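Bear in mind these aren't lab numbers, they're just calculated from the coordinates by the rules spelled out. Predicted, not measured: the structure shown is a model, and the values here were computed from it. All Cβ positions, glycine included, derive from the backbone under ideal geometry; neighbour counts span all protein chains shown.
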Amino acid sequence: MEQNSALLQMSNISKTFPGVKALKNVSFQVNRGEVMGLMGENGAGKSTLIKIITGYYRRDSGEGEMLLEGKPVNPANTLEAQKLGISTIFQELNLSPFLSIAENIYLGNPPKKKSGLIDWGLMREKAKAAMLDLGIDVDVNQPIQMQSTAVQQMTSIARALAMDTKILIMDEATSSLENKEVETLFGVVRKLKERGISTIFITHKLDEVFKICDRATILKDGELVTCRDMKDLNKLELISLMIGRDASDIVNKKKIYDPEKQKANVFFAAKNIRKANRRLNGIDIEIHEGEVVGLAGLLGSGRTELARVLFGDDQNYEGEMFMRGAAVRFSSPNAAIRKGLAFCSEDRKTEGIFPQMSIADNLTMPILGKICRFGILNNRKQRKVTQQYIDAISIKTPSMQTKIKNLSGGNQQKVILSRWLATKPDMIILDEPTRGIDVGAKGEIEELIKQIAAEGISVLYISSELDELVRGCDRIVILSEGRKVKELVGEEISSDNIMAAIASHSSQG
Ligand SMILES: Nc1ncnc2c1ncn2[C@@H]1O[C@H](COP(=O)(O)OP(=O)(O)OP(=O)(O)O)[C@@H](O)[C@H]1O
Ligand SMILES: [Mg+2]
């Protein structure tokens, strides 16, 4: 296969939304068999560019050009783009949940018998082979909804390959995968590369970019910054290009350990928390006032299950919980909120974004009662609170009246986080708070968490990103298979120690 020849060439692409110029004369090129990283802060325009490539949006008319293998193309919708050989693996996959893996792979394009009827036997055989080719040994007759995210993504990829894809686009496709699954995915990307298939890869996890990408195109505020070979870039340079200033402060941030935190009163304690299904197997946890306690562990280790029990979202447990020494048992999340708890969940879709409502309304939703007087919304107060968070964690938006659905993914996440911080809770549970958040804003969120902890708020911090836990936590509780397997305090906290604890306890039965 001929390498280094241009497969996709885009020049002078612009996209205007009401009030926002999301892309300004961007040029972008992907060569055959290359893995191109598309990098930039939240709201930089990455997803918009992808959506133009895949026919989901039309670019502004006028100048600009999109060439595929040298020929002008202008896909009017995603199906047309797929027929041209451009496929997307979105984070939220567009598979049919009730159909089997095999049916999903060949949806709209099934192998047929001479008679014209669908050849189900052949379809299953081909599907099995296609998945094995991607390193996944799975029963292809199973409905797709029963599968893990990783298997669902592989099914999307198998589907793309069955449609003779030339370019595979992954927009934050790794954000809810485990490290092991990411490795498998990268193995597939490398294999495809050998076949001359190109990948456009978007992620906020910089280590991944260095692992898998050949080059990176960097966008900022809708404009092209530069395109570089990864081998000519280091982490500091990449971040600096993304944020448009020297990033030494971000890269060299050191942790400061404050032993005083362990001496504060215990704010929250849970004792011997168990679930009948054994997903939680006798967990003890204590969180002091103003302390940031991290929960580490693999997917399925019980982190989110525990958070849901603590927050009253799951009453089906045994064990005891105490707040400031007094026994509590929450009958609902609302009961927990009334007692001073807040929970920022990992999934903003179910968390209750109100897409048609403004940022200000979304952000102040739980505190509306507090900022109303005689049942009338105090606009000035609402504006003040909203502006405070827009500034504190750089929510990128033309105005606070913008509908939240028009924000980029990461900026939506920031609004939801602010919503909970604005309730001024005594304790906040953060489940993957920086998923989808860019590197600069991650730093800002980490700062904000430090600040609220310094004000005495207790924080339970769930994250799969070890760096973040190491930098942000005073203490780390490591879970495996529903049990607490280790606790690290202060100076003991390091990625190596966390990984060692996870490794020594996982898959031992
Ligand atoms: N449908 C829309 N209507 C109005 N504005 C939009 C729309 N879609 C995107 N935007 C705006 O366009 C800009 C680019 O958004 P885009 O989603 O492309 O960012 P991104 O680089 O993918 O960010 P993230 O890393 O957060 O996913 C943002 O300012 C966003 O608010
Ligand atoms: Mg995006």
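Could you give P(r) for the range 352-424, binned at 5 Å from zero, as whole percent values over all Cα-Cα pairs?
Over the range 352-424, the share of Cα pairs per 5 Å bin runs 3, 19, 32, 26, 14, 5, 1, 0 percent.
Rounded to the nearest 0.05, what FRET efficiency do E194 and A326 give with R0 = 60 Å and r taken as the Cβ-Cβ distance? Could you check?
Details: r = 62 Å, r/R0 = 1.04.
So, using R0 = 60 Å, E works out to roughly 0.45.
Report the GluC sites (Glu not before Pro) located in the range 82-185 that are in a DSSP loop and have at most 16 other Cβ atoms inside 10 Å of their Cβ, or state none.
On the way: sites: E92, E103, E125, E172, E178, E181, E183; in loops: E92, E172, E178.
Loop-located and lightly packed - E92, E178.
Please compute the length gained on full extension between Q388 and I376, using 0.36 nm multiplied by the number of residues separating them and subtracting their Cα-Cα distance. Before the final figure, lay out each step's value.
Working: separation 12, 0.36 × 12 = 4.32 nm, distance 2.13 nm.
Value of the extension gain: 2.2 nm.
List the residues whose amide H sits under 5 Å from the amide H of I429, counting only those 5 or more places along or on another chain, with H placed 1.01 Å from N in the peptide plane.
A342, F343, C344, L460
Calculate the spin-label point distance for K114 paired with S27, positioning each point 7 Å from the Cα along the beta-carbon direction, and give it in nanometres.
Between S27 and K114, the label points sit 5.5 nm apart.
Between Rg and the Kirkwood Rh of the range 6-250, both from Cα atoms, what is the Rg to Rh ratio?
Values: Rg = 18.6 Å, Rh = 18.8 Å.
Result: Rg/Rh = 0.99.
Taking R0 as 25 Å, what's the FRET efficiency between Q142 and L79 from their Cβ-Cβ distance, rounded to 0.05? Please report the intermediate quantities before stating the final value.
Details: r = 26 Å, r/R0 = 1.04.
Using R0 = 25 Å, I get an efficiency of 0.45.
Mind listing the long-range amide H neighbours of K253? Cut-off is under 5 Å, sequence gap 5 or more, other chains count too, H placed in the peptide plane at 1.01 Å from N.
The answer is none.
Considering amide H positions built from the backbone, and no H for Pro or chain starts, which residues 5 or more places from S5, or on another chain, come under 5 Å of its amide H?
Counting only residues 5 or more places away or on other chains, the set is R32.
How would you rank K71, K21, going from fewest to most other Cβ atoms within 10 Å of each one's own Cβ? Intermediate results must be reported in sequence, preceding the final value.
Details: K71 8, K21 15.
The most exposed by this proxy come first: K71, K21.
Between E178 and K235, how high is the FRET efficiency from 1/(1 + (r/R0)^6) when r is the Cβ-Cβ distance and R₀ = 22 Å? Nearest 0.05.
Numbers: r = 23 Å, r/R0 = 1.02.
With R0 = 22 Å, the Cβ-Cβ based efficiency is 0.45.
Residue by residue through the range 293-302, which ³J(HN,Hα) values in whole Hz follow from phi under the Karplus form 6.51 cos²θ - 1.76 cosθ + 1.60 (θ = phi - 60°), with glycine and proline marked x?
With coefficients 6.51, -1.76 and 1.60, one gets 9, x, 10, 10, x, 6, 3, x, 7, x Hz.
³J(HN,Hα) across the range 309-323 via Karplus (A = 6.51, B = -1.76, C = 1.60, θ = phi - 60°), whole Hz, x for Gly/Pro?
For the range 309-323, the Karplus-derived couplings read 5, 4, 8, x, 8, 9, 9, 8, 9, 10, x, 10, 10, 9, 10 Hz, x marking Gly and Pro.
Only bridges whose two residues both fall in the chain count here: according to DSSP, what percent of them are antiparallel, nearest 5?
Working: 45 of 78 bridges.
Counting only bridges with both partners in the chain, antiparallel ones make up about 60 percent.
Just rank K126, K46, K83, fewest to most, by other beta-carbon atoms within 10 angstrom.
Numbers: K126 19, K46 28, K83 12.
Fewest-to-most ranking of K126, K46, K83: K83, K126, K46.
Filter the cross-link list K180/K220; K113/K166; K414/K486; K231/K253; K51/K71 down to pairs whose alpha-carbon distance in this structure exceeds 22 Å. Write out the running numbers ahead of the final one.
On the way: K180/K220 31 Å; K113/K166 27 Å; K414/K486 31 Å; K231/K253 24 Å; K51/K71 19 Å.
Among K180/K220; K113/K166; K414/K486; K231/K253; K51/K71, the Cα-Cα distance tops 22 Å for K180/K220; K113/K166; K414/K486; K231/K253.
Can you list the HN-Hα couplings for the range 58-68, worked out from phi with the Karplus curve (6.51, -1.76, 1.60; θ = phi - 60°), rounded to whole Hz and with x for Gly and Pro?
Along the range 58-68, the couplings run 9, 6, 4, 6, x, 6, x, 7, 10, 10, 10 Hz.
Based on the inverse mean of 1/r over its pairs of different Cα atoms, what is the Kirkwood hydrodynamic radius of the chain, in Å?
Details: mean 1/r = 0.0406 Å⁻¹.
Averaging 1/r across every pair of different Cα atoms and inverting gives 24.6 Å.
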